[in-house]
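The values are calculated or read from the model by the stated rules, or taken from the named source; none is laboratory data. Predicted model, so just to flag it, every value in this text is computed and none were measured. We place every Cβ from the backbone using ideal geometry, glycine too, and count neighbours over all the protein chains shown. Side chains included, ligands, DNA and RNA excluded: accessible areas come from the protein's heavy atoms. Shrake-Rupley method; radii C 1.70, N 1.55, O 1.52, S 1.80 Å.
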Amino acid sequence: MSVTLATLKSVLCGASPGDQGLLQDSSYYAGIAEYINDAVTAIAAGVRMPDRQVSPPLPDLYLSDTVTTVLATPYVALPATYQRHLFMVSDSSGVRISPPRGGGYYSFALLLRNARLKDLSQEGLVSVVCVKGLNLYYQGIPTAETDITINFYRKPVEMVDDTDEVDGLPDHLAKKLIKHHVAKEIFGEGIEDGEDNRGVGYKFHTAKFFEAMTDLTDHVGIDAEPEYYSSNSFQDLGVCD
């Protein structure tokens, strides 16, 4: 059974205004949905783990979409649903379009370095693409509108109604992840259970949240391609003579 917004509200604030849940403060009831949605968004966007690694994308948020090049312009806006980790780009025939030579799909500096025209005004078929901000940059620039297929991980759908279900998180971890994320954020803002216990709630829920995030990372796994570097890249790093 999927976890609903009503379930999460009840866990955190109780079943109704004035009731007591985990937070023991009914004043948060009116705005608790925002904390809950923020928690899902933060997890989907990637959490910096204690080992400094970023948690992987959520498989259920994978999306394939199409953008269309803009005449005389070297970039086009990414879809509004885009959140992270664009990992495959192809033309209308299904042929992969490469990232900048020596880098990945987020290597804008390499796109500029490798571009023949540094203002990115070179016309022609799209042969290289990368992301900068919320735009997809490409070279060359087609003289007619051209479709490009992109594969990425989207934003989770926000929960509004009590019957709405958590988007993207596995059922067996969703409640635990969201509960502890919201609690650590609220306790971190200064709500504690007495002057002698300042910081205890925040530390407890932070630790439990990262325990749940470790379980999520193990459950999801790492789905990534190896990174390839040109010989010039190793020379730049001083690895080769």
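For the chain, the solvent-accessible area works out to 56 Å² per residue, with a probe of 1.4 Å and every protein chain left in place.
Taking only alpha carbon atoms, the stretch 33-135 gives an Rg to Rh ratio of 1.02, where Rh is the Kirkwood radius. With a cut-off of 14 Å between beta carbons, the residues surrounding residue 180 carry a summed charge of +2, where Lys and Arg count +1 and Asp and Glu -1. Once you treat every alpha carbon in the stretch 99-164 as an equal point and sum by Debye, what is log10 I(q)/I(0) at q = 0.18 Å⁻¹? With no solvent term, the Cα-only Debye profile gives -0.69. For the stretch 105-122, the Karplus equation 6.51 cos²θ - 1.76 cosθ + 1.60, evaluated at θ = phi - 60°, returns couplings of 6, 10, 9, 5, 4, 5, 4, 5, 4, 7, 5, 5, 9, 5, 8, 6, 9, 5 Hz by residue, with Gly and Pro reported as x.
Taking amide H positions as modeled 1.01 Å from N, with prolines and chain starts lacking one, no residue 5 or more places away or on another chain lies under 5 Å from residue 169.
Taking a quarter of the surface of the Cα convex hull of the stretch 29-78 gives a mean projected area of 6.6 nm². When the accessible area of the stretch 45-141 is split by element with a 1.4 Å probe, what percent falls to carbon and sulfur? On the stretch 45-141, the fraction of accessible area on carbon and sulfur atoms equals 55 percent.
Relative contact order of the chain, taken over Cα pairs closer than 8 Å and 6 or more residues apart, is 24 percent. For the stretch 207-221 versus the stretch 1-62, the spacing of their alpha-carbon centroids is 15 Å. Taken one residue at a time, the phi angles of the stretch 38-51 give Karplus couplings (6.51, -1.76, 1.60, θ = phi - 60°) of 4, 5, 4, 4, 5, 5, 5, 6, x, 9, 6, 7, x, 7 Hz. Gly and Pro are set to x. Note on the stretch 139-181: with charges restricted to the Cβ of Lys and Arg (+1) and Asp and Glu (-1), its dipole about the Cα centre is near 360 debye. Under 27 Å of direct C-alpha separation, and excluding same-chain neighbours fewer than eight residues apart, residue 179 reaches these lysines: 9, 155, 203, 208. The convex hull of the Cα atoms of the stretch 1-91, projected and averaged over all directions, covers 9.7 nm². Diffusion coefficient of the chain by Stokes-Einstein, Kirkwood radius over Cα pairs, 25 °C, 0.890 mPa s: 119 µm²/s.
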